[in-house]
1. I'm trying to understand the selection: among the residues of the stretch A:67-88, which are surrounded by fewer than 19 Cβ atoms within 10 Å (Cβ to Cβ), in a loop (DSSP other than H, G, I, E, B) and facing chain B (nearest Cβ under 7 Å)?
2. Scan the stretch A:136-154 and give yes if some residue there is touching a Phe, Trp or Tyr at 6+ places or on another chain (Cβ under 9 Å), under 19 Å from A:ALA44 (Cβ atoms), of a type in the set (A, V, I, L, M, F, W, C) and outside any strand (DSSP E or B), otherwise no.
3. Going through B:VAL189, B:VAL284, B:VAL246, B:VAL184 one at a time, which residue ends up being within 30 Å of A:ALA44 (Cα to Cα), touching a helix residue (DSSP H, G or I) at 6+ places or on another chain (Cβ under 9 Å) and of a type in the set (Val, Ile, Thr)?
4. If B:SER176 satisfies every condition in (1) touching a Phe, Trp or Tyr at 6+ places or on another chain (Cβ under 7 Å); (2) over 19 Å from B:GLY50 (Cβ atoms); (3) polar (S, T, N, Q) but one, which is the exception?
5. Based on what the data block shows, is A:VAL64 assigned to a loop (DSSP other than H, G, I, E, B) and more than 8 Å from chain B (Cβ to nearest Cβ)?
6. B:LEU177 - would you say it is under 27 Å from B:ASN129 (Cα atoms) and touching a residue at least 24 places away in the same chain (Cβ under 8 Å)?
7. Just one of (1) away from chain A (no Cβ under 14 Å); (2) closer than 25 Å to B:LYS119 by Cβ trips up B:ASN45, so point out which.
8. Taking the stretch A:10-42 as the search range and keeping residues that are part of a helix (DSSP H, G or I) and polar (S, T, N, Q), which one is modelled with the highest pLDDT?
Amino acid sequence: MNKIFFSFLILSFIFATSSEAQKYFTRDGNINFISDAVLEKIEAKNTNATSVLDAETGKLEFAVLVKAFQFEKALMQEHFNENYMESSKFPKAIFKGSIDNFEALDLSKSGTYEVTVVGKLSIHGETQPIKTKGSLKIDGENILASSVFSIQVEDYGIKIPSVVKDNVAKEVEIMVDLKYQPFKR
Amino acid sequence: MKNTFFTLCILICSFLNISAQEDDLLSLLGEEETTEYIDAAFKTNRVIHGHSIESTSEGVLDFKISHRFGMVNTGFHELFGLDNAMVRFGFDYGITDRLTVGVGRNSFRKIYDSFIKYKFLRQSKGQKNVPITAAWLTALDFQGTKNNPDPDGKASSRMAFTHQVILGSKISDGFSLQVMPTYVHRNLVDFNEKNDIIAFGIAARQKLSKWVAVTFEYYLTPGDQLPENKYSSFSFGFDIETGGHVFQLHFTNSTAMTNRGFITESTGDWADGGVHFGFNVSRVFTAKKRKN
């Protein structure tokens with residue numbers, strides 16, 4: 001009987017500690033991208049990126065609804081969803097990774113930290129490894145995160161017809177800018 | 001024995017607990033249910049002659065140039081109809097994402113046409129699940145020929161009105177279907193014709209690739225509403241999209257491009273080769289940029 005009680009004690013202890021681990025999240029992160037081609041510069045904005053950062057392990061994850069990208073021109077948005085991203089088939093873009101130099105950071109002190117993020121980016125049903133630089137700024141109890149990196153659309157199985165090769169760039173620059181809040185259960 | 005069992009239990013539990021967390025941080029936030037509106041059931045706001053459930057986006061001007069050549073059965077002398085062409089120029093404008101207005105000018109009987117179209121239901125899934133898109137269309141045709149077809153010279157005799165409900169659904173990524181119960185009123189008709197015509201339209205689109213689709217459109221006029229020399233409009237064609245243009249190439253038994261003309265006055269008989277080759281070219285301009 002004692003043993004059972006003891007086991008439950010340990011169990012509850014495990015659950016308790018794990019939920020205390022400090023995590024940060026956002027549901028309204030900004031992820032924008034620019035396609036700068038010869039004839040046309042296309043910009044799109046998404047203000048509903050979801051992300052979670054585990055401040056204990058340095059792991060972080062992002063999810064973005066492809067349909068939530070807003071373009072200046074309605075037709076661009078339609079082509080983006082219908083012809084390039086096939087957003088009804090692949091509704092989300094997801095990143096899962098971690099901060100490479102996490103051991104060297106002390107997030108309890110305020111300041112701005114340069115970080116290297118490595119992980120896997122899944123877009124349009126294709127997953128590719130990504131390594132990029134970014135920064136974390138401790139802002140009171142929140143963490144501001146930002147990063148800029150580029151991807152080749154071809155790597156993600158997105159074909160650009162030759163008719164529009166001067167309108168849509170092969171390399172797209174992605175800008176991430178978000179504010180993490182402490183996650184409370 | 002009991003001891004080992006419990007220890008094992010704890011181990012498994014703690015392992016599950018940790019692994020669940022490490023695998024998927026995002027699951028902590030839970031799935032936020034959103035409503036996703038289904039767009040682009042058709043490549044443009046026309047299927048062939050008639051309207052599709054699509055409207056012109058807010059602030060977008062859609063310039064359309066359409067041709068219907070002569071009938072194929074006119075033979076080589078007329079180069080299978082290519083020597084003759086009916087032309088329509090038109091502008092459609094999206095006042096909001098749901099409300100579209102448009103005007104056009106047809107060489108056929110010098111008809112000026114105009115319409116107003118309102119999308120009152122949008123197909124969506126997720127939090128709000130709506131299986132169809134629905135729109136209302138009201139259109140006016142005005143015959144601008146020098147000679148009034150009415151011997152009494154009343155201007156109203158040049159007019160015809162169309163009211164239509166368009167109900168459609170993007171059933172899969174590639175396939176869309178719509179039905180269009182339609183009422184056409186012509187103020188002046190020949191002695192053997194009826195002023196009021198009820199028609200049931202059906203139209204579909206099947207994508208062949210990301211940029212090409214095959215379309216069909218049929219306006220059935222049941223019973224003996226049409227005189228013997230007039231036929232229900234039947235058309236099929238291809239939509240080809242390139243950047244800012246949509247090219248629609250088609251074969252049809254209808255000569256006119258306005259509602260009155262193709263729904264109630266199609267003279268071509270498919271069985272007899274009374275078919276026109278035609279095209280619509282749509283080019284969109286963003287007149288008002290969207291706020292981000």
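The values are calculated or read from the model by the stated rules, or taken from the named source; none is laboratory data. Values in this document were obtained by computation on a predicted structure and should not be read as measured data. Quick reminder, even Gly has a Cβ in these numbers, built from the backbone with ideal geometry, and neighbours come from all protein chains shown.
1. Result: A:GLU72, A:SER88.
2. yes
3. B:VAL284
4. (2)
5. no
6. Yes; evaluated as a whole, the condition is true for this residue.
7. (1)
8. A:SER12
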